[in-house]
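Only one structure is covered here, and it is reproduced in the block below.
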Amino acid sequence: MMYEYNDLDRENDGFGLLRPKEYNSSIFTIDINALYKKGIRGFIVDLDDTLLPRPEYRIPFSVYSWVEKVKEHGIKICIVSNGGSAKRVEYISESLNLKGFSLSFKPLPFALRKAIAHLGVSPAETAVIGDQIITDVIGGNIIGAYTILVKPISNEVSPIRMPMRFVEDSLLKLLRLEIDS
Ligand SMILES: [Mg+2]
């Protein structure tokens, strides 16, 4: 009998915590309407390389309008960042009129749980969105949220972050993840 490597097999391959529910090329290709129909009512979004390139303060108009679009769908949204610059996280989240949590130590669940409590949704109603499997996807899966991996915004990586990017690229291959949208 022939077996195909289908979604069911993928979910039972022993990499459950590492595997996102969706892999999108950016936040902009996320199908907000489809998520709403699935019962998602809260977005917890990573900051660095998900919403903005790493040291960036300037927020492009596209990000403003994406956040507005999410809110218009009746989905609450906040930022949970591992970034240590509380000032930057605060500045960006306030500019977007959102609550932001810095120094979050994802994949540890504490800040993610705080964010869920802040949004007033249940874990099953929450999508955790980020560019890293090790932090965003594992963290989101630990708390029982719907996890969405996006491609990191910046292509150039500082030498200090190269090993992490290497690990992430290896995981993508190991999990045989391909862009869904
Ligand atoms: Mg990130």
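Values in this text are rule-based calculations from the coordinates and carry no lab data. Keep in mind that this is a model prediction, so the values were computed, not measured. When we count neighbours, we look across all protein chains shown, and the Cβ atoms used for this are built from the backbone with ideal geometry, even at glycine.
Remarks
- With the charge dipole of the chain set up from +1 on Lys and Arg Cβ and -1 on Asp and Glu Cβ about the Cα centre, the Cα lying farthest toward the positive end among the listed residues 163, 103, 53 is that of 103.
- Net charge of the neighbourhood of residue 136, taken over other residues with C-beta under 13 Å away and scored Lys/Arg +1, Asp/Glu -1, is -2.
- Summed side-chain charge close to residue 125 - residues other than residue 125 whose Cβ falls under 10 Å, Lys, Arg +1, Asp, Glu -1: +3
- Local electrostatic count, residue 43, Cβ distance below 13 Å [Lys/Arg +1, Asp/Glu -1]: -1
- For region 106-181, GluC sites (Glu not before Pro) meeting the loop criterion (DSSP other than H, G, I, E, B) and having at most 15 other Cβ atoms within 10 Å: 156, 178.
- Extension gain from residue 64 to residue 28, taking 0.36 nm per residue of separation minus the Cα-Cα distance: 11.8 nm
- For region 141-155 versus region 38-108, the gap between their alpha-carbon centres in whole angstrom: 13 Å
- With neighbours defined as other Cβ atoms within 10 Å of a residue's Cβ, the residues 47, 52 order from fewest to most as 52, 47.
- Chymotrypsin sites (Phe, Trp or Tyr not before Pro) within region 10-60: DSSP coil, no more than 13 neighbouring Cβ in 10 Å: 57
- Axis of helix 86-95 versus longest Cα principal axis of the chain: the two differ by about 80°, to the nearest ten degrees.
- The mean sequence separation of alpha-carbon pairs under 8 Å and at least six residues apart, normalised by the residue count of region 69-159, gives a relative contact order of 21 percent.
- Relative contact order %, region 16-174, counting alpha carbon pairs below 8 Å whose residues are six or more apart: 30 percent
- In terms of other Cβ atoms within 10 Å, 67, 150, 128 run from fewest to most in the order 67, 150, 128.
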